Each structure stands twice: as structure tokens, then as C-alpha cells.
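Notes for the one structure printed next.
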Amino acid sequence: MAKVLILFFVISGCVSCTTSSTPLSAGDNFDVVELTIEQTHEALRLNKISCENLTRIYLNRIKAYDEPTTLNAIIYINPNAINKARLLDKKFSRQGVMGKLHCIPVILKDNFDTADMPTEAGSIALQGSLPPDDSFMVKKLREQDAIIIAKSNMGEWAFSPYNTISSTHGETRNAYDLSRVPAGSSGGTASAIAANFGIIGMGTDTGNSIRGPASHLSLVGIRSTIGATSRDGIVPLVLNRDIGGPLMRTVKDTAIVYSVIAGFDPADDSTQAGVEHVMKDYKSYLKQNDLNGVRLGVIRQMFDNDTADPEVLKIMDQAIDDLHKTGATIIDPFKIKDFDRLKKATGFCSRFYYDLKNYLKTLGKQAPIHTLDDVIERQLFREQNMEAMQWALSEKGDPALQKPPCVDVAGDPRRKEFLEAVVTAMNDAKVEAIIYPSWSNPPRKLGDNESPHGNNSPIIAPHTGQPAITVPMGFTKDGLPVGLQMLARPFDEYKLFQYAHAYEQATKHRKPPAGFGRLN
């Protein structure tokens, strides 16, 4: 491990190397704090700011706030970002039209393939690995003229849902309290977007890692139905449960981005299931008062226990009351038959070795490693992840040959039974979505691996393949974010956007963290 530690200290300053201060010019006093996609486009149309100046502001914010505060959310700046912004300024000047994401700055989690930036998945084993092309989602973002300005830190190989620590760049902190975790493994993206380092944040979720960090950073985060979005070009963890998606500051922005990235991809067979279900414009379903008569089930089986934080439960009760006042019909309690048995019977199966090997093949001759065995033999991992490594090595063969098979929902009897039980309960109670706190406890202190975490995100959605969204639910008395999660039937993302937006607009809980304000 000595070699790993030496390399870590050498590369941990690479952001400083690639994020030199950019000069200010006219328009650079423009306030980007809590800026939305629509506000950005309006400012560009009215010539209040250029795309180049806007991009400089975000790069300067990263320079001013990331390392100096020890937030440690950003690991790599795209050296082509300013040139891309200049090209977009010329394009708009000539054509007078904008792509759906014209000039919108993107922070990418470090496991999305990018042909112009390294993709390391938080692992020193992939140090400097440059994929041959972009992931499907990155291509979609760029097609609509978004600008990938930076990559964010992530948990090594996305192993931990509780913290964000890579073997390449160390630990990311929570922007609302630097002594606390941002959850994992998309904590770098979450803290960056909360601190207004970009507008679009992209993360991945195998069990928690979009919704957990989004909740801990007062953001909106959606885990889509398995099959609604492509996983092509994302470094896998457990491929039959992996998804990628946005972490944003508003539901509307999340719906806009989701509309761009969702849909069929011939490189990912799972997306064939979504062909007749994925919609073109999820933003069209957003209406301010659209909870009237909607039946929501409160699943206390998820969070009513001795370890749940009383303050979080109080905030949840207030959210239930707010939903009722907004017009929703609350079914409380909502119960799933045999819930305890079903949630215990569907543990995460091990297929990381197999899935990683297939991913590494896509890197061709430039791959720095070829199998997980190379990582183990060369000790290219955090010592604290030894247990996770042993789990990963427990199964090396075809997941379909495991008993039961480690495959999709339809092919795994455990997952299929769980999905059927959830949907049956929803049908019987006539509810459109199930609600619960994303975490039953506030963010832990850094280094605390013992206190109750209350992570509710992995309990249903990853196993059943259902979509779930988290939206800001308020703050504890100490100013720590709390999130409300909604789970719907497969491919009912449009309903989740509708309900989350109505709740968001009725409550307006989102507020930026102190210490990351407007640059002078």
C-alpha cells in the first residue's frame, strides 16, 4: 500500500494544476448562485452574459471554493471548456437558436466515460485512463450543447453509500457542514452542485448513490426505472442494478436533463424495455398545484424504528401534513405484505468482477488493468475497502449461472416477487407513489462509521427496478438537509416529477449552503 499512498499525495493536487485562475471580464459579476437552466438561457438571449464569461465564473468558483474550503468535490477541470464556450457563443451569434442545454455547465461523476478527460472511477488502478469515446449520457448532453466543465470525486469503485473517499483524491465533505459526509458514492457531484460549481450534476445509483447524496445536500435526485436509461460507458458496480442520472437544485431542471438522457441505446439491451414508455418532455408534466386527489402511501415499515432520528421523523410528519394541505390524499400507514422477508431475501449479488472485466475490454490496449486480479495483486485500492474487494472476488463467472441468477428483475425470482408485492400493495391501496424519508438520520460526521445512518434508498428501488426521486424536505435545527423520497410504478417517472415539483413549489425548502456565496 505504500506505493498507493505515495501516488495519492502526488496526484491529489492535480486540480490546482489544471484550474489556474481565469481573468475576469465584462459580465463576470453575473450572479450564478442557484441559477437554473431557463434563467441561464434567458440571460444569454438578452446578452446579459456570454457563454464564455458564464463558464469562467463557474471555473473561478471552483478555484475559489473547492480546495480552499477543503470541500474536495472537484478532481479534474476540462481544459477544453472555455474553447467550447467560445464556439457556442459563435454558434448562437450566427444561428440565434440554442440547444436544450446550450452552455449549461456539467459536473460529471468520475465513472462516466469521457474521451477528452480521464475516467478513473475513484480508483488509483485506473489512474489516467482515457476511454476511447464518451458514455451514452455524456454524448446526449453534448449533443444539446451542454459544457462538461469538470469531473467530481467519488467513492472508490462506488463501493460506499455512506461517504465519498477515492484512492485518487481523498475525501469529499458536505457543503452544508464541512465536518460531515455528503454520503456516497456521488458525493463529489452533490457537494459541487449544492455549492453552485455547475448547474447539471451527473451521478450513478446502484443502491443509493444519487438519492443519498442528493438528500444530504438539499438537491433533487432521481433513480430511473431500470431500462429507461442507458448504462453504456459508465464504469459498473453491479450492472443489473446500476443506473446513471442527474442531481440538480430544482425538479424542473432535473426533468429537463432527464428528458435529454433517457431513451433507447442500441449499446444497452436493457433500454429496449423502455422504448414504449420513455417520454420526450418530462417538463410538460410539471404543474404547481398538481397533487390534488393524488393518493400517496406512507410506508412506515421503512423508517418507523428505534434508530430513526426524532428530528427527522418530525420533519417527515411536517412533509406529510404539507402534502395533505397541497391536495394529496395520504394513506397512512401503507403496508407491503411480507415486507421484512422480501427486503432481506433480495441482497445485492456479486457480479463486479465480471462486469468490470467487460468494461475494461472497451478501453482496448490502453487499459491500465485487465481484471480485478490486477488491482489485488498490485494492491491498488484503499485498505479500508478490503472487505468490498473480497465480496467482489467471491463470484467471477457469468452472473446468469449463479443460483439464483444475478440478472435483471424478470430473471431473478427474488426481485420479481418483491416487485409484484410492491405493485400489488399499491394497486390494492390505489396509491400512485410511496413516500418516506431518504435518510432517517442526518449526515454523519466524517470518520463516523458507527452511528445509525437510516439509509432507506437501497431497500426497494434497486431490487424491484422501480423509479424513485428525492426532493428537499427541510433542514434540522443544525442546518443539515433532509430529503423526502417518492417511489412509483415502473416507468412512472413523469408522475414522480409531477408530484415532486408540486411539493417543491409549495414548500420551497431548497437554500444554498453558507460559505459558497457570490464571488466579488
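The values are calculated or read from the model by the stated rules, or taken from the named source; none is laboratory data. Only a predicted model underlies this, so the values are computations on that prediction, with no experimental measurement involved. Methodologically, a virtual Cβ is constructed for each residue, glycine included, from the backbone with ideal geometry; neighbour enumeration extends over all protein chains shown. Just so you know, the surface numbers come from the protein's heavy atoms only, side chains and all, with ligands and any DNA or RNA stripped out. Shrake-Rupley method; radii C 1.70, N 1.55, O 1.52, S 1.80 Å.
Numbers at a glance
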read-out	value
Spatial separation of Cα centroids for the range 213-243 and the range 73-115, in angstrom	22
Note, ³J(HN,Hα) from phi for the range 289-296, Karplus 6.51, -1.76, 1.60, rounded to Hz, x at Gly and Pro	10, 10, 10, 4, x, 6, 8, 10
Fraction of beta bridges assigned by DSSP in the range 147-253 that are antiparallel (%, nearest 5)	90
Zone residues, the range 311-352, relative to residue 401, backbone N less than 17 Å from point 7 Å out along Cα-to-Cβ	350-352
Per-peptide average of other Cβ atoms within 10 Å, ordering 158-165, 384-391 highest first	158-165, 384-391
Estimated 222 nm signal from helices in the chain, with DSSP H stretches of n ≥ 4 weighted -39500 (n - 2.57), rounded to 500	-10000 deg cm²/dmol
Accessible surface of the range 66-161, 1.4 Å probe, proportion on carbon and sulfur as whole %	51
Compactness of the chain as Cα Rg over 2.2 N^0.38 Å, two decimals	0.91
Ranked by how many other beta carbons lie within 10 Å on average, peptides 498-509, 219-230 from highest	219-230, 498-509
Cα centroid separation - the range 465-510 against the range 278-319, whole Å	6
Long-range HN-HN contacts of residue 433 with modeled amide H, under 5 Å	297
Residues with amide H under 5 Å from that of residue 75, placed H, sequence gap 5 or more	151, 152, 153
Kirkwood Rh in Å, taken over the range 380-517 so that all alpha-carbon pairs contribute	18.1
Vicinal HN-Hα couplings computed from phi for the range 265-270 (Karplus, 6.51 cos²θ - 1.76 cosθ + 1.60; Hz; Gly/Pro x)	9, x, 7, 10, 4, 4
Protection-proxy order for peptides 205-212, 295-302, 260-267, 107-114, each taking the mean of Cβ atoms within 10 Å per residue, highest first	205-212, 107-114, 295-302, 260-267
Rounded to whole Hz, the Karplus (6.51, -1.76, 1.60) HN-Hα couplings of the range 104-114, x for glycine and proline	7, x, 10, 9, 9, 4, 6, 10, 8, 4, 9
The range 90-163: relative contact order in percent, alpha carbon pairs under 8 Å with at least 6 residues between	38
Accessible area expressed per residue, the chain, with surrounding protein chains retained (probe 1.4 Å, Å²)	38
Mean Cα-pair separation over length for the chain, i.e. relative contact order, pairs under 8 Å, 6 or more apart, %	17
